[in-house]
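Read-outs throughout are calculated quantities, based only on the coordinates presented, and are distinct from any laboratory measurement. A quick note: this is a predicted structure, and the numbers were derived from the prediction, not measured. Neighbour counts run over all protein chains shown; Cβ positions are idealised from the backbone, glycine included.
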Amino acid sequence: MNSAGSARGPRFRIALPSSGSVGLPEAQIAALSWILARKQGGTVVVLATLPDGSTSNEESLQAALADLRWLGIDWDEGPDVGGPFAPYRQDRRGELYREQLQRILREGKAYRCYCTAEELRAERDQQVRQGLPPRYSGKCRDLPPDEEERRRLEGKPHRLRIRVPEDARESQLDDFVIAEDGEEPNALFRMAVDDGLLEIDVMIQPEDRRVESLRCAVLGSLLGLPVPKYLHVPALELAAKSARAQHPVIGSVSGLRKLGLLPEAVLAYLAQLTGIQLEPVRGAEPIIPSQWPAPEAEAGRAQRFRVEDLYRLNRIAMEKMPAEAFRCAAEDYLMQSGVSVPATALPRWLDLMKERLTLLSELLPEAAVLVEGPDLTNRGLFELLRREAGQKVLWSFLRRIQSLEILTADAFREVMREVSQETGLLGNALWDPIRVALVGRAKEPKIAEIAGILGKEECERRIQRALEVSR
């Protein structure tokens, strides 16, 4: 661990994707880095992996930062807050990468490879036929200086490869590429340089990037830069077993937000998949096993990402959420969705909805019914309203609420008792016509509370409309 990490606690890096949309694998790595850093009193560093020269960089950056903020992740250094190692954007660190690349080339720790794609393909094919693991043979590793100079002056296409030390080559690392044609540093080289110059102590990576981590460690050592400790967790695998789980936006943070998931549930679920216990409550204290992450031999036993499990955790998060916090989250979701609910009805309606939701997106059709009224074009509902019993109930109910000053839930129940006495109807025969007229469905256990939220005038209007369409 370097001196900066020792003085201030371990430094963790979160890499923002260049696409602007934080996918679930990146979100999990960010969440784990943040949880461990905060648990250990460390520093969270955000680095934007934006490509040089992209015109969409700023928009992509802000979208990715918004995804992290929504999850409840904060940071100490980054592209928006600055820090002692600024800039924290790869598209503004190009000169740093090129300086390190030219230095390692001058020191003979890297070399130019002039092998064509066809030559490399033939080499790999031959190794496969011989039952050998495909790897670069090192054909250009020790070109005579005059031959290398001749090819360079002729402008032969080439790439730069690292001269991997013998002890690392024994771990089946070949002389891997660090810059493509034009000697532009690739993502692997940039990552090794960034981790060193940003003095990162711990990097969390998916299990399937162990080789990449090893290459970065070799690169950092050859560059003479600090090398972080690499922790590996099983890569996320989306297991879609239902039509709902196959929704195209499931794979990103912004997609989960649009579906109406709570950030507390998403953060807790991503942590739980790796063995960290975290309740889906804002500010919950994580419980990290003493042996975390799981040993490599047990890595494959980790639970796959199952959307149904996330939905169940989201339901638990809603149940645990204080009423005021839920109202704020729901109001924000409705606003972002372009849905407006009258302010006088909103608090009571949201308190009612909180008991029945799994996702905030389920508010949208309910809000449409609350604001615009039910759709009575359904053939089955139309026939229910047309029946003689339905007409009796609707007319009796209408006459009674017209004489009221206000309609509360209790007043609604009293009106329904009187309608039952007048018509002699009970059960579904009594309640279904009113439920359909007010909310467009025969099953609604909280119809009295909804009627109280709608109020006398709106209930009267909806009953009259039901009578008109059922003539």
Practice prompt. Provide the packing ranking of 262-275, 353-366, 423-436, i.e. peptides ordered by the mean count of other C-beta atoms within 10 Å per residue, highest first.
Written response: 262-275, 423-436, 353-366
Worksheet item: To one decimal place, what orientation-averaged projected area in nm² is obtained for the convex hull of the Cα set of region 373-469?
Response: 5.2 nm²
Worksheet entry | Distance between modelled label sites at Leu238 and Glu355, nm, 7 Å Cα→Cβ extension | 3.5 nm
Worksheet, complete the sentence: Charge dipole of region 317-471 built from unit charges on the beta carbon (Lys, Arg +1; Asp, Glu -1), centred at mean Cα; most positive-end Cα among Pro347, Ala329, Ala466 is Ala466
Item to complete: Take the cross-link list Lys39/Lys229; Lys258/Lys443; Lys392/Lys456 and give me the ones stretching past 21 Å between alpha-carbons.
Response: Lys258/Lys443
Response to the item:
Here the cysteines of the chain without any disulfide-compatible Cβ partner under 4.7 Å are Cys115, Cys216, Cys328, Cys459
Fill in: region 332-359 versus region 131-184: alpha-carbon centroid distance in Å
61 Å
Worksheet entry | Part-to-part distance (alpha-carbon centres) for region 67-92 and region 408-446, which is given in Å | 57 Å
Fill in: Where only C-alpha atoms are counted, convex hull volume of the chain per residue in Å³
204 Å³
Worksheet item: Quick one: His232, His158, fewest Cβ neighbours within 10 Å first, how do they rank?
Response: His232, His158
Worksheet entry | Mean Cβ neighbour count within 10 Å, used as a protection proxy, ranking 177-188, 60-71, 402-413 highest first | 60-71, 177-188, 402-413
Worksheet item: Ranked highest first by the average count of other Cβ atoms within 10 Å around their residues, in what order do 99-105, 305-311 fall?
Response: 305-311, 99-105
Worksheet entry | Kirkwood hydrodynamic radius (C-alpha pairs) into Stokes-Einstein, region 291-388, 10 °C and 1.306 mPa s, D in µm²/s | 95 µm²/s
Worksheet item: What 222 nm value per residue comes from the helices of the chain, counting each DSSP H run with n ≥ 4 as -39,500 (n - 2.57) and dividing by all residues, nearest 500 deg cm²/dmol?
Response: -15500 deg cm²/dmol
Worksheet item: Using a basic spin-label model with each label point 7 Å from the Cα along Cα→Cβ, how many nm lie between Gln127 and Glu422?
Response: 8.8 nm
Worksheet item: At a Förster radius of 25 Å, what calculated FRET efficiency corresponds to the Cβ-Cβ distance of Arg98 and Glu207, to the nearest 0.05?
Response: 0.20
